[in-house]
Amino acid sequence: MKLFKAFAIAFCLVALCVLVVPTATADEWNRKTVITFSGPVEVPGVGAQTLPAGTYVFKIYNSLSDRHIVQIFNRDETHVFTTILAIPNYRLQPTDKTVITFRERPAGQPEALRAWFYPGRNWGEEFVYAKPRAIELAKEVNEPVLATPIDLATAPIEALQTAPVEAVAPTGDPVELAQVVEPPPMAAEALPKTASSLPLIGLIGLLSLGAGLALAAFSKRVA
């Protein structure tokens, strides 16, 4: 009877550990974010276009070491408006709310999407435009813009994973990427971790089971 109670205690410990160890949700993995634009917004990517005012869903499609691919959906996620290449941009102070930044355009023209920061993260997504459009934007806003030379209008999504990225100045000349994206300080956090917590859960479970067995042996000794 005492042995049964000991194993019951060990099982409860394992179950409790599994419950309290944090696990990544789908929204944390793909950073699903619902965003409402109050006016028209120009978006780059495979489906480059100007989106009318309305509600949209941003999600990470695929992550590589030095770039991300972002998709913009309609509100119910039944249609993809565009798939955008982005590279990480660093900010010193994360916020508890989504931050979207734009490139200010002349009056009467839609704002151009620049970057997206997910709540609680130092790393955000700096969006890349097709090079001809990037040069035009750079001239309009008088600052460098991220560009890729591939034809985004006809490029398959897979091509974005290896597409070259550069920053172009208002003159059309290439400049350092650091003029557009903020490099992290020397002691900054590493790139966002995507490793699973399952190994940790397993380790805690084994330790809990061992503790239960030890408790059972001790109970038999003192009985």
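The values are calculated or read from the model by the stated rules, or taken from the named source; none is laboratory data. All of these numbers come straight from a predicted model, not from anything done at the bench. Every residue, glycine as well, gets a Cβ built from its backbone with ideal geometry; the counts of neighbours run over all protein chains shown. These accessible areas exclude ligands, DNA and RNA; they are computed on the full protein's heavy atoms, side chains included. Shrake-Rupley method; radii C 1.70, N 1.55, O 1.52, S 1.80 Å.
Computed values, structure above
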item	result
Filtered residues of the stretch 157-169 (kept if part of a loop (DSSP other than H, G, I, E, B) and either open to solvent by less than 60 Å² (accessible area, probe 1.4 Å) or touching a residue at least 60 places away in the same chain (Cβ under 8 Å) (or both))	Ala163, Val165, Ala169
Strands (runs of 3 or more DSSP E) contained in the stretch 26-101 and holding at least 3 residues aromatic (Phe, Trp, Tyr), closer than 27 Å to Gln179 by Cα and open to solvent by 50 Å² or more (accessible area, probe 1.4 Å)	none
Hits in the stretch 127-148 - residues which are more than 15 Å from Val165 (Cα to Cα) and open to solvent by 10 Å² or more (accessible area, probe 1.4 Å)	Glu136, Lys139, Glu140, Val141, Asn142, Glu143
Test: Pro174 is modelled with pLDDT of 60 or more, over 21 Å from Thr82 (Cα atoms), open to solvent by 50 Å² or more (accessible area, probe 1.4 Å) and under 21 Å from the mean Cα position of the chain (by Cα)	no
Residues within the stretch 76-104 that are over 21 Å from Ala153 (Cβ atoms) and in contact with a strand residue (DSSP E or B) (Cβ under 8 Å, 6 or more places away or on another chain), tallied	13
The stretch 136-148, residues that are in contact (Cβ under 8 Å) with a residue 12 or more places away in the chain and part of a helix (DSSP H, G or I)	Leu137, Ala138, Lys139, Glu140, Val141
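One line per residue, one yes/no per condition, for (1) in contact (Cβ under 8 Å) with a residue 40 or more places away in the chain; (2) open to solvent by less than 40 Å² (accessible area, probe 1.4 Å); (3) not in a loop (DSSP other than H, G, I, E, B):
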{"site": "Arg114", "(1), (2), (3)": "no, no, yes"}
{"site": "Arg121", "(1), (2), (3)": "yes, no, no"}
{"site": "Glu125", "(1), (2), (3)": "yes, yes, yes"}
{"site": "Ile150", "(1), (2), (3)": "no, no, no"}
{"site": "Ala155", "(1), (2), (3)": "yes, yes, no"}
